[in-house]
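Colleague: Quick one: structure below, then a few questions.
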Amino acid sequence: MSRDTQDRFAAALLDRESPVPQGLESWTGTAPPRRFAVYRNNVMQGLIGALASRFPATEKIVGRDFFTAMADAYIGKHPPRSPVLLTYGEDFPDFVAGFEPAAGLVYLPDVMRLEAARSRAYHAADAEPLTAATFAAIPTPRLSDLILTPHPSLAILRSAYPAVLIWAMNSGKAEPAPLTAWPAEDALVVRPHMLVEVHRLPPGGAVFLQALADGLTLGCAVEAALGDAPAFDLSQNLAGLIRSGGFISLRLEEPANAC
Amino acid sequence: MNKSLASLALAGSLATALTTLAAPAASAADAKEKCYGIALKGQNDCAAGPGTTCAGTSKIDYQKNAWKLVPTGTCETMKVPGGMGSLMQGPAPV
Amino acid sequence: MQASNLPRRAGVGFKPEHFEAILADTSPPGFLEIHAENYMGAGGPPHARLARLRQDHALSIHGVGLSIGAMQPLDSDHLARLKALCDRYEPESFSEHLAWSSHDTIFLNDLLPLPYTLATLIRVAEHIDQVQEALGRQMLLENPATYLTFAESTLQETEFLAEIARRTGCGLLLDINNVFVASTNHNVDPLDYLARFPLSKVREIHLGGHAETVDDAGAPLLIDSHDTPVKDPVWALYETVLGRTGPIATLIEWDNDVPDWPVLRAEAEAAGRLLAAAHRLVA
């Protein structure tokens, strides 16, 4: 076969309007559209199914038909580039942010980013989280020089909308109900062991954890968090950080470095 | 902030944090309001993430145009205050 | 080169929802098969489950994304991922399809057909040599379920597979459901197809369900959907094959609308009974 045969076949697969490529036959006739449609259908249904399994809350929020149409539009513009479909759909949330039929659901891209982070965490490398005992053993005068290594599964998301609550309402954690408040919500996504966990973060928490995940010292992370939210509660955030299992190792930076 | 002062403040907060951790975890009822309360764990983690298959599908093709569709899932239940993010702002009101 | 070496028993395609049931089963299937691409994340529950199952079960790694039939070079990154997976789990067998699924840089997520010509034969043989060299093991090549044919084909599928196996030393994975589906779709007698098939090269058999529809001309069009029990004509062909080959490792594939464990297990038991009869015949 020439390379052309596959060029034509591939192009026709992704374009539903195109005719059956030349050179294809069946014993019942020369141009078998329904037979070619089986392949076209397998490709699209398979990819739509892959996206639906990565974004189940999104499908609940918009309903199956709308999700299918939205996924179809996305696949046409952003077909997968790897046979490893575990990672397919990374930029689906960004696509939806610009997808006009979904423009009314301003929170939807953030809920999708949360779902994408959950599936990344699910497949991330395994690592043993630090325990409270390890933190308790750090010499007090050196605490501000502490540098932590984030868990490979850790992600921090910031939303101008109640993305965590909306996700929770569409993944069996709470009943979908009218939203009585409209707060911004930040989330920590992490898989300390085998379950992916989503934590809603308190004021300053996202900046605090992101600074630590970026390799800043604890002292600098506290400064950044206070700069972001004067109400930042350090002991609450430290307790949350330790309990979440979001960090896996620690070291002490040489003193005297400015933030 | 002075470094040793910072470490001193940190030490106090860490001590409080470690005491908090020794206490029983927050109840599930707090999940809706509390931050860092109880983790919202994934449900049906078996299915998390797309999978590949070597099978075809017998589901027939559809010919739906997204531009003529409106979302019809739980977004209709989750009405939001002040119309923000509500369907009324969408291009095709229900 | 490590030869494919699955136990001559009935196995099942592993689905995560069956993990606990398989662990609790006092008489579990003879081997498990996984799709390689679903285990190419770094860690997490998929690897934890597979590592646990691997302690007690023979394993077949079945690739669905290498695109061996593509008229472009194999994806070396993907081949490296397959090697890492095979090195990690040391499966009794590795198999892939006579099909293509990637074009340029796009992954098309289906097992697409190729014309059977000398040019495609040379290309597929090169790719299989490359895979076997990279993995350090014999691979099995599976016959596809096809829905149409190519005007440019000059070889029969069975001739093509026989020559590929002869040139490369690869084994064959005979999917009997695919034989029935493709033979029906192309108005061929599946027994004729099997009579031409190089059965001596078969190291694994696949059985699965299919869906029935019709084409534009009203002729039957079967789809390899893996969403039902194995159908009677496929069981009959399976018995015929076993009568000629003796017992061969046999997998029940059920990938869509996956049933509860007892239903899948019963399918494997049905295959197991026919295998036991074939064992007795050999003895």
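The values are calculated or read from the model by the stated rules, or taken from the named source; none is laboratory data. Not measured: the values here are computed from a predicted model. Please note: Cβ atoms are built from the backbone with ideal geometry, for glycine as well, and neighbour counts cover all protein chains shown. Note: areas computed on protein heavy atoms with side chains; ligands, DNA, RNA excluded. Shrake-Rupley method; radii C 1.70, N 1.55, O 1.52, S 1.80 Å.
Colleague: Could you calculate the FRET efficiency of A:SER249 with A:ALA97 from 1/(1 + (r/R0)^6), where r is the beta carbon distance between them and R0 is 25 Å, rounded to 0.05?
Modeller: Taking R0 as 25 Å, the efficiency between A:SER249 and A:ALA97 is 0.10.
Colleague: Let me ask something else. Normalising by the residue count of chain C, find the relative contact order in percent from Cα pairs under 8 Å and 6+ residues apart.
Modeller: 19 percent
Colleague: Using each residue's phi in the range C:160-174, evaluate 6.51 cos²θ - 1.76 cosθ + 1.60 at θ = phi - 60° and report the 3J(HN,Hα) Karplus result to the nearest Hz, with x for Gly and Pro.
Modeller: 4, 5, 4, 5, 4, 5, 5, 6, 9, x, 6, x, 10, 10, 8
Colleague: Hey, any idea what the orientation-averaged projected area of the convex hull of the range C:1-141's Cα atoms comes to, in nm²?
Modeller: About 9.0 nm², averaged over all directions.
Colleague: By its C-alpha gyration tensor, with a ≥ b ≥ c as the square roots of the eigenvalues, how is chain C shaped: rounded for a/c under 1.5, else prolate for a/b larger than b/c, else oblate?
Modeller: Because its axes are fairly even, with a/c under 1.5, chain C counts as rounded.
Colleague: List the pairs from A:LYS60/B:LYS68; C:LYS15/C:LYS231; A:LYS77/A:LYS173 whose alpha-carbon separation is above 27 Å, in the order I gave them.
Modeller: Over 27 Å apart, Cα to Cα: A:LYS77/A:LYS173.
Colleague: In square angstrom, rounded to the nearest 10, how much accessible surface does A:THR140 have for a 1.4 Å probe?
Modeller: A:THR140 exposes around 60 Å² with every protein chain in place.
Colleague: Residues of the range A:214-257 that become at least 50 Å² less accessible with every protein chain present than in their own chain isolated, using 1.4 Å: which are they?
Modeller: Those are A:SER235, A:ARG243, which lose 50 Å² or more relative to the chain on its own.
Colleague: Find how much the distance from A:ARG3 to A:ALA184 grows on full extension, using 0.36 nm per residue of separation minus their present alpha carbon separation; answer in nm with one decimal.
Modeller: That pair, A:ARG3 and A:ALA184, stretches by 59.9 nm at full extension.
Colleague: Taking amide H positions as placed in the peptide plane 1.01 Å from N, state which residues far from C:GLY208 in sequence (5 or more) or on other chains have amide H under 5 Å from it.
Modeller: C:ASN177, C:GLU253
Colleague: Mind grabbing the accessible area of C:ARG167 for me, 1.4 Å probe, Å², rounded to tens?
Modeller: 110 Å²
Colleague: Here's something else I'd like to know. Calculate the length of the line joining the C-alpha centroid of the range C:78-117 to that of the range C:186-205, in whole Å.
Modeller: Computed from Cα coordinates, the inter-centre distance equals 22 Å.
Colleague: When the scattering of chain A is computed by the Debye formula from its Cα atoms alone, each counted once and equally, what is log10 I(q)/I(0) at q = 0.11, 0.18 Å⁻¹?
Modeller: -0.72, -1.34
Colleague: So for the protein assembly as shown, considering every pair of alpha-carbon atoms, how many percent are separated by more than 43 Å?
Modeller: When all Cα pairs of the protein assembly as shown are counted, 31 percent exceed 43 Å.
Colleague: Can you figure out the FRET efficiency of A:HIS193 with C:THR26, using R₀ = 25 Å and their beta-carbon distance, to the nearest 0.05?
Modeller: FRET efficiency, A:HIS193 to C:THR26: 0.30.
Colleague: For the range A:222-259 and the range A:12-71, what is the separation of their C-alpha centers, rounded to whole Å?
Modeller: First find each Cα centre; the distance between them is then 48 Å.
Colleague: Shifting gears a bit: Once the convex hull of the C-alpha atoms of the range C:128-283 is built, how many Å³ does it hold per residue, rounded to a whole number?
Modeller: Spelled out: Cα convex hull of the range C:128-283, divided by residues, is 136 Å³.
Colleague: Taking amide hydrogens as modeled 1.01 Å from N in the peptide plane, which residues meet the under 5 Å criterion relative to B:LYS79, leaving out close sequence neighbours?
Modeller: A:LEU179
Colleague: Starting from the Cα of C:THR154, step 7 Å along the direction of its Cβ; do the same at C:ASP216; then give the gap between the two resulting points in nm.
Modeller: Here the answer is 2.8 nm between the modelled labels.
Colleague: Please report Rg (one decimal) and Dmax (integer) in Å for the Cα set of the range A:1-105.
Modeller: Taking only Cα atoms of the range A:1-105, I get Rg and Dmax of 16.0, 50 Å.
Colleague: To the nearest 10 square angstrom, what accessible area does C:VAL181 show with a 1.4 Å probe?
Modeller: Around 0 Å² of this residue is reachable by solvent.
Colleague: Ok, one more. Can you work out the Karplus-derived ³J(HN,Hα) for every residue in the range C:152-159? Use 6.51 cos²θ - 1.76 cosθ + 1.60 with θ = phi - 60°, whole Hz, and x for glycine or proline.
Modeller: 3J(HN,Hα) across the range C:152-159, in whole Hz: 7, 4, 10, 10, 6, 4, 5, 5.
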